[in-house]
1. List the residues of the stretch B:214-243 whose backbone N lies under 15 Å from a point placed 7 Å from the Cα of residue B:306 along the Cα-to-Cβ direction.
2. Under the rule a/c < 1.5 gives rounded, and otherwise a/b versus b/c splits prolate from oblate, where does chain A land using the Cα gyration tensor?
3. Which three semi-axes in whole Å describe the equivalent ellipsoid of the stretch B:7-157, each the square root of 5 times a Cα gyration tensor eigenvalue, listed largest first?
4. Compute the length gained on full extension between residue A:23 and residue A:166: take 0.36 nm times their separation in residues and subtract their Cα-Cα distance, giving the result in nm to one decimal.
5. Show me, bin by bin at 20 Å from 0, the whole-percent P(r) of the protein assembly as shown based on Cα pairs.
6. Modelled label-to-label distance, residue B:270 and residue B:118, 7 Å Cα→beta-carbon offset: nm?
7. Provide a whole-number value for the mean count of partner chain Cβ atoms within 10 Å of the Cβ atoms in peptide B:315-322.
8. Strictly over 21 Å apart at the Cα level, which of A:79/A:163; B:43/B:328; B:70/B:184; B:184/B:236; B:231/B:326; B:21/B:326 would you flag in this model?
Amino acid sequence: MGYKTYTSFGLPTFLIIIIALYLLFTGSGEVFDVGRFLEETSPFVWGSLGIGLCIGLSVFGAGWGIFLTGASILGISTKNLISIIFCEVVAIYGVIMGIVYSSKLQPVPEALLYTKDNYFTGYALFFGGLTVGLCNLLCGLCVGIAGSTAALADAADSTLFVKVLVVEVFGSVLGLFGLIIGLLMIGNAKEFLPGSPAVSAVS
Amino acid sequence: MEGLFFNVNNGFLEGIVRGYKSGILTQSHYASLTQCETLEDFKTQLSATDYGNFLANEPSPLSTSTIADKATQTLVDHFNFLRSNSVEPLSKFLDYITYGYMIDNVVLLITGTLHERDTHELLERCHPLGIFDTMPALCVATNVEELYQSVLVETPLAPYFRDCLSAADLDDMNIEIIRNTVYKAYLEDFYNYVSTIGSTTVDVMHNILAFEADRRTINITINSFDTELTKEQRAKLFPAIGRLFPAGNNALAKADDIDQVRQVCDNVGEYRSFFDNSASGQSNGDLGDFGVAAQLEDRFFRMEVHLNKLAFLQQFQYGVFYSYVKLKEQEIRNITWIAECIAQDARDRMHDFIPIF
């Protein structure tokens, strides 16, 4: 067992167990309340996190893909930059979804914020953003590695480029799937509107 | 997973080395080279390939040794470009490639000094990829202990020489034993180092190094027939890696003639064809021991080229760098062979080179 295993697995587990047992033994075990957490967290938090994850993970994937392909292209010095464009498209998907999602964020005073519809919108934005972000991250990786191999194959034998390009096209469709599902998830969500609170006795 | 991070440090160099590899001469190049009448034609044909004008400044008449030296210099230039642009762990991998040449240079210098050759002449004959700073100091060799303490202990070859410090004096037999002991230690060390780098490199390099070890084992066995080398001494020179380890190595240590070597190699599928004497194209039926050895050497080279070509089929691994160096060396041997045949007007054996692509 090395230092890495101890610190990355041992220390957090230890802290969690200590805190949980402390709460349990001092009679405040009910402080750990998932339901209250979900009710009390502002839908703005969920919405903004979703949008942040959407654009952040998409750009992460696109950037990773571009450097994977770009490093090989620099060594080969080919003029075929189409793989880079496929990676960039992934980031554009993230931007589009970010813009679509951010139109749902409207200012609402706190007393009127916690309606059922607003909860729904908040969760839809968060998980929609997570879906789109993860899809684009993995799509960017896929297109990046395939693009790196395409650059090298193209330099060795020009007839191979079209064949590897077909592989890349299928890879980039993954990002499109994420975009479609993200749009569907937000389809029924209204923007944040003021209304009477859904749950009473919320501070 | 190897594709995710390999390109960070090594993507550019992998692209460069694959570009170098696509410049290796193909069958069509060899076809036009073998039709040359003089070495001047040969030089013109080569200038249309990736070699370019590497012989531009040489005075005519050209000699084949100049061609070989200049061609090796292009390989060295490529290798130095790769080495200077690399970071760990690729730079250590490339260093490991040079250790083999360093061992050859050290042994060359020791042998030359014992036969009292001129130091400068010896230094010029060293392989450029294996040059290290304190090399000229090797020319004052008297015994291995002193060599080790004064020169070798600071070079990367130090751990390989530790096992053979007990060699009493340096004569021709002992130097060969030293060379093979050191090379054995180097191969095993390289094999172990490769195991730490990553699974794709391991797949490619283990095959290549295992074959190299088996090739050396078979060569040592065959060359030690009818010499003073005892069987125990012979067994200590076999590397502990490869398909013939451990059972084949034990059997080869006890072998007395080529037929027993053939039997041992029959156990390994890939090596069965090395001793196949019924191949068509052999004009005389019974080759005798010397003929079998020459044919064996040729087959070893073909197998080596085949394994090195396979390395380029996989991306995101370091084996391509090693394979490029070896394939380029084979190409240099080929063009030297063709140049010699042209110069000596022995055109019937000109096609005995090993084509690569």
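Just so you know, all these numbers are worked out from the coordinates, no wet-lab data involved. The structure displayed is predicted, hence computed values, not measured ones. Heads up, the Cβs are rebuilt from the backbone with ideal geometry, glycines too, and the neighbour counts pull from every protein chain shown.
1. B:215
2. On the way: a/c = 4.02, a/b = 1.64, b/c = 2.45.
In terms of gyration-tensor shape, oblate.
3. Working: eigenvalues 218, 121, 21 Å².
Value: 33, 25, 10 Å, ordered largest first.
4. Details: separation 143, 0.36 × 143 = 51.48 nm, distance 5.69 nm.
Once the chain is fully extended between residue A:23 and residue A:166, it gains 45.8 nm.
5. 16, 38, 25, 15, 6, 0
6. 4.5 nm
7. If you average over the peptide's residues, the count of other-chain Cβ atoms is 1.
8. Values: A:79/A:163 17 Å; B:43/B:328 18 Å; B:70/B:184 30 Å; B:184/B:236 9 Å; B:231/B:326 31 Å; B:21/B:326 11 Å.
Exceeds cut-off: B:70/B:184; B:231/B:326.
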